[in-house]
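This report concerns only the one structure given below.
No lab work stands behind these numbers, since they all come straight from the coordinates. Quick caveat: nothing in here was measured; it's all calculated off a predicted structure. In this analysis, Cβ positions are derived from the backbone assuming ideal geometry, glycine residues included, and neighbour counts consider all displayed protein chains.
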Amino acid sequence: MFTIVRDLIRYNIEFAVGFAILLLLIGAVILSFFSPYPAADIYVVAPDMPPDAEFWLGTTSRGQDNFWQLMIALRNTLAFGLGVAFLSRILSLVVGLTAGYAGGRVDRVLMAINDSVMVIPHFPILVLFYFVLKDDMNWLMLVLILSALGWSYDARLIRSIAMSLRTRPFTTQSVYSGMSMRKILVEEHLPYVMPIVFATTMNNMIWSIGMEITLSVLGFTDVDTPTMGQMIYWANSHSALISGIWWWVAAPVVAIIVLFIGLFLLSMSMNEYIDPRSRLNRMGS
Amino acid sequence: MAAYMIFVARRFAQLLLVVFLGISATFFITHMTPVDPVTESVTAITNFGKSDPEAIELMRKTLTELYGLEGNLFEQYVTFWSRLVRGDFGPSLSAFPTPVSQIIFRALPWTVGLMISATLISFTIGNTLGALAGYYRKSRILKIISLGLIGLQPIPYYVLAFILLILFGFVWPVLPITGGYEMNADLNLSFALVLDIIRHSILPAMALVLVGAGSWLTGMRALTSNIVTEDYVTFAELGGVGSTRILRSYVVRNAMVPQLTGLAMSLGAIFNGTVITEIVFGYPGIGTLLINAVHAGDYSLVLGLASLSIIGVAIAVFLIDILSPLLDPRIKAE
Amino acid sequence: MQTEALLRSPDIVVEPTLTVERLKAYYTTKAFGIDRDIRAVDDISLTVAKGEVYGVAGESSSGKTSLIKTIVGAIRPPLHVVGGTVRFNFGGQTYDIYDLKPDELQAIRWRHLSYIMQGSMNVLNPVRRIKHSFYDFAFPHMGLGRATFWDRVRDHLRKLDLDPGVLDSYPHQLSGGMRQRTTIALATVCTPEFIVADEPTTALDVIVQRDVLTMLRDIQRDLGSSFLFVTHDMSVHATVSDRVGIVYAGRLVEEADTPTLFRSARHPYTQHLVASLPKIGDTTRRASLSGRPPSLADPPPGCRFHPRCPLAMDVCSKEVPPLVSIAPRHRVACFAVTGAPS
């Protein structure tokens, strides 16, 4: 594992940049625990101060230190993305491996559900949930809802691999040696799909964090847990741009773009690592 | 032909299943709401003056029937479906008593227009550039353009739309940043009105195209660089077939099959994008309508919009699905 | 064939249709910082006369396919030419494949130089009817009006016992044999002077193989074209090739007229290939060659066959045996035959 990371950093510029961004983010998460102010407290510092030596990213109209807000928001946003990715990976693994291995009617039923989830537009459903839950729409609830929506595409991918694994001799051998289906899936097939699971994790995080930001910006989430979207929401609700408090908007927007580019580069280089064909294409150019 | 009809029938069954599951989910989610639309309406109406309790009671009864809220959950569910197939979503709460369907159909053309034009533009741009970049791998200009578009791809719709808003609204204010047409425009069909509508649609469409084109480009480039190694392309090159012809009739023609399937799969996501873009640019489509309905607690309007978006996307996916066998003769009825 | 007589008569000098000189082509791969050269074509020289069928034989992954890809100029990275020349002579005019501009190369393709690929599913564009392939490949090279062109194509198909109705089919609607015969019809419709056939019968069953071989022989007789015929199947060479070159690990190890090669091969590897052919009435077991063909990325030093060679001497592992003429039209690269260098 370590040598893979080392080789990738040395010979794959996308991975190196993505990895550097990842380290930066981890640094920010660690830093966030040393914040001198509780995240939800307001008017702890002088409001509307431009960036200077004391307040690196200035202060907000709500009297918060923009820098520490950003660190905490990054932590919450990342935790959110990881939470959704983890839960939805489990769902897609269960559905994908089962459908691919069992085949037949089980496969058809699971895939009919899968395809339905795939084409349903997520955004109206999310808005609907907010409409119903209102103030009960908290951080954890949103993780659960997005996990329930974000597994279908990758389940299809895993299913296609599981289908080819089923025809391999080692599966037949496991069946004849009396292993249970659960055991075959977990012990024999799971290791084969793990690289794909890791690569899709990044894409899933890009998707779920994007959704969270959009919902937060519209005020459709719990406004008291600071996330990247929440920062933009509060900045907008204080008309930060119009009143010239540009740093309040710029900080989260730049951070979001860096975060997304980092995730995107990691997912791209991981795909390349998994699929040797794209590596060949790189050599050809 | 018979095989094709069976294929269409199966896809149609899938369509019905998606619509049924989606709308049922919508129904049950909305019926878990703590908001009681009847009480809300009564409060809204009686705010303007006192009414006697008997009249209020009568009003409650009428409204309960109007909203289809009589009986237990299952009876309501049946009522809901029987009204839905007639296109009746009940009256809007925030614009009482205008029927929800009427409000939706006023907003629908804006969203459909924006979505179709943005999808077509980004599909064309992304696939053209992707095919060229995959085929002429050494071109530096293509590499730079691809890198730019791919770099935009992971940025959330909201953030990109927001950046465009800042760029063209504050930094370089050349385009209208909000609305679908000028406030005091004469809404009779005229050349000036069409021009005005197009001008207003440039920014929202640009946000959608910039994000969408990148993902088409990546997909098409990967497909192209795989198809280029296929025997039929090598054979055509050895046959002295011109490179533009190879690119068009051999590479792109074969890559179009998976790309169209991809279009079907991404329609849901495109729809999300339109909703968000509409909100940022205050575009008078159903996205803006949906958000306003949520803020106003307009129960039937939210339900109607969610159902409609599911039906719309599912039908679009169905149409693309049944078109793909016509493009690839190898796809048979399965 | 009559070419033999022509070549032997001293007063007529016929320039060969194909001249390959010291051709080298490597696959260069750079993956994760490790550069590797795979020497798929390593210093090969050969000529093919007008009207001659030159067979190329060798095991799989011996570099046969790379050789013909390099000869027809169909290389794509990571394969690239390191040295040597490939010259064709069509109607007295010389074309150096690696000296031509892309449009000049495109102009001689199919008109003069055509190619038959290994019969696989994917040689013809799967999403278009076969007539489009005929149009794309042949029409620009024939200089005919549309109606005359299609008449010519239909005549050609009929002459090859194919129903012109195949033009309206999609490739997946035809059987493997039909598809291969259609591909051959496509490759020969412009009456090219030089045809490269890469394992044209390999993916087909035995009956269809015979049909295809007969078809190729008839075409060769009618058109008088030169053929570069590549297959690992020695019995196919025995039926179609005038002369055979044996390729082992990217090098040409022996080359002779087909009867000479089958009767008195000199290189131990060729001898083994010939001996492994089944003979009617002979029930003895065929000895199989021990070991595997060497990795082209890391070939053994000296003669590449020496680790598997029953006649290996000390010198074989140190020096590369040159390809030497031991008789008219018979060349061998083996120290055991030509004598070790002093």
query = Dividing the Cα radius of gyration by the Kirkwood radius, what Rg/Rh value follows for the protein assembly as shown?
reply = 1.07
note = Measuring from the longest principal axis of the C-alpha atoms of chain A, the long axis of helix A:13-32 (C-alpha) lies at a number of degrees, nearest 10, equal to 50
request  = Would you mind computing, in nm to one decimal, how far apart the modelled labels at C:Arg263 and C:His132 are, each placed 7 Å from Cα along Cα→Cβ?
outcome  = 5.3
note = Rounded to one decimal in nm, the spacing of the 7 Å Cα→Cβ label points at B:Thr39 and C:Arg76 is 6.9
task = Could you list B:Met265, A:Met205 in order of exposure, starting from the residue whose Cβ has the fewest other Cβ atoms within 10 Å?
result = B:Met265, A:Met205
Top positive-direction residue, dipole computed over region B:107-327 with Cβ charges, set B:Ile141, B:Leu152, B:Gly262 = B:Ile141
request  = Can you bin chain B into rounded, prolate or oblate? Criterion: square roots of the alpha carbon gyration tensor eigenvalues sorted a ≥ b ≥ c, rounded for a/c under 1.5, prolate for a/b above b/c, oblate for the rest.
outcome  = oblate
request  = Report, in debye and to the nearest 20, how large the dipole of the protein assembly as shown comes out about its Cα centre when Lys and Arg carry +1 and Asp and Glu carry -1 on their Cβ.
outcome  = 3180
task = Could you tell me how many degrees, from 0 to 90 and to the nearest 10, lie between the Cα long axis of helix B:53-66 and the main elongation axis, the longest principal axis, of the Cα atoms of chain B?
result = 30
inquiry  = If you take every residue apart from B:Leu303 with its C-beta less than 13 Å away from the C-beta of B:Leu303, what net charge results, scoring Lys and Arg +1 and Asp and Glu -1?
reply    = -1
ask   = In debye, nearest 20: dipole of chain A around its Cα centre with unit charges on the Cβ of K, R (+) and D, E (-)?
value = 1360
message = Compute the helix-to-body angle for B:299-327: its Cα long axis versus the longest principal axis of chain B, expressed 0 to 90° and rounded to tens.
response = 20
task = For chain C, with a Gaussian network of springs between Cα atoms less than 10 Å apart, report the residue from C:Gly143, C:Gly245, C:Gly302 with the top mean-square fluctuation.
result = C:Gly143
key: Test item: A:209-218 mean partner chain Cβ contacts at 10 Å   = 5
inquiry  = Taking each residue in C:44-55, count the Cβ atoms of any other chain within 10 Å of its Cβ, then average. What number comes out?
reply    = 0
key: Candidates A:Ser92, A:Ser35, A:Ser164: whichever shows maximal mean-square fluctuation once chain A is modelled as a Gaussian network with Cα springs under 10 Å   = A:Ser164
ask   = Who wins for biggest fluctuation among B:Ile286, B:Ile141, B:Ile150 in a Gaussian network model of chain B, springs between alpha carbons below 10 Å?
value = B:Ile141
query = Between B:Lys61 and B:Gln102, what is the FRET efficiency for a Förster distance of 30 Å, r being their Cβ-Cβ separation, to the nearest 0.05?
reply = 0.80
message = Calculate the FRET efficiency for B:Tyr77 and A:Val44 from the Cβ-Cβ distance with a Förster distance of 51 Å, rounded to the nearest 0.05.
response = 0.50
query = Between B:Val8 and A:Thr167, what is the FRET efficiency for a Förster distance of 45 Å, r being their Cβ-Cβ separation, to the nearest 0.05?
reply = 0.90
ask   = aspartates and glutamates near C:Lys279 by alpha-carbon distance under 13 Å, same-chain residues fewer than 8 away left out - which ones?
value = none
note = For C:Lys24, counting only lysines whose alpha-carbon sits under 17 Å away and dropping same-chain residues fewer than eight positions off, the answer is C:Lys64, C:Lys69
query = Where does each of C:159-172, B:125-138, C:52-65 land if you order them by average Cβ count within 10 Å, highest first?
reply = C:52-65, B:125-138, C:159-172
